[in-house]
1. Dividing the alpha-carbon Rg of the chain by 2.2 N^0.38 Å yields what?
2. Working out 0.36 nm times the residue gap between Val125 and Ile41, then minus their Cα-Cα distance, what length gain in nm do you get to one decimal?
3. Among the aspartates and glutamates, which have Cα under 12 Å from the Cα of Lys128 when same-chain residues fewer than 8 positions away are ignored?
4. How far is the Cα center of segment 91-145 from the Cα center of segment 1-54, in Å?
5. Normalised by the residues of the chain, what does the relative contact order come to in percent, with Cα pairs under 8 Å and at least six apart?
Amino acid sequence: MHSILHRITIETTPEKLYLALTTQQGLSAWWTKTKTNGEEIASTNSFFFGPDGSHQVDMQIQTLTTNELVVWQCVAGPWVETGLFTFAITPDERGVVLHFSHQGWNETNDFYQHCNCKWGFFLAVSLKSYLEIGEGQPHPRDPNI
């Protein structure tokens with residue numbers, strides 16, 4: 001099995017990063033249009049992609065440790081057959097370090113490579129920018145890479 005892994009240093013607080021990963025306002029500001037159906041374990045949040053927002057991905061919250069850890073499982077969409085999405089938050093002298101993993105890939109095919117590149121953009125550019133300067137670059141304003 002393969003995993004997508006990213007490590008990003010962000011000049012922010014663990015509290016602000018946690019809110020960006022767990023609230024509708026935060027997620028929509030750096031990733032894509034979001035509908036949260038709750039902010040507790042077993043809640044399912046919906047994320048919308050595509051030119052008209054008609055491509056829906058549903059993520060069920062598996063783990064929440066305030067200001068430290070967020071874990072999702074895809075329950076509808078293209079990543080159902082992959083593993084967990086883990087966002088681990090660690091304080092750092094420059095702010096925080098986010099360790100991201102998207103586990104459970106059977107192969108490193110074109111879709112894996114595309115998702116790896118897009119996660120890199122959304123985390124290292126959009127999320128970082130949202131938290132450091134107040135403006136992210138969520139879908140559909142992300143580059144077509």
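1. The reported ratio for this selection is 0.97.
2. Going from the current span to full extension adds 27.5 nm.
3. Glu11
4. Value for the Cα centre distance between the two parts: 10 Å.
5. This gives 30 percent for the chain.
Each value in this text was obtained by applying a stated rule to the coordinates, not by laboratory testing. What you are looking at is a predicted structure, and each value in this text was computed from that prediction instead of being measured.
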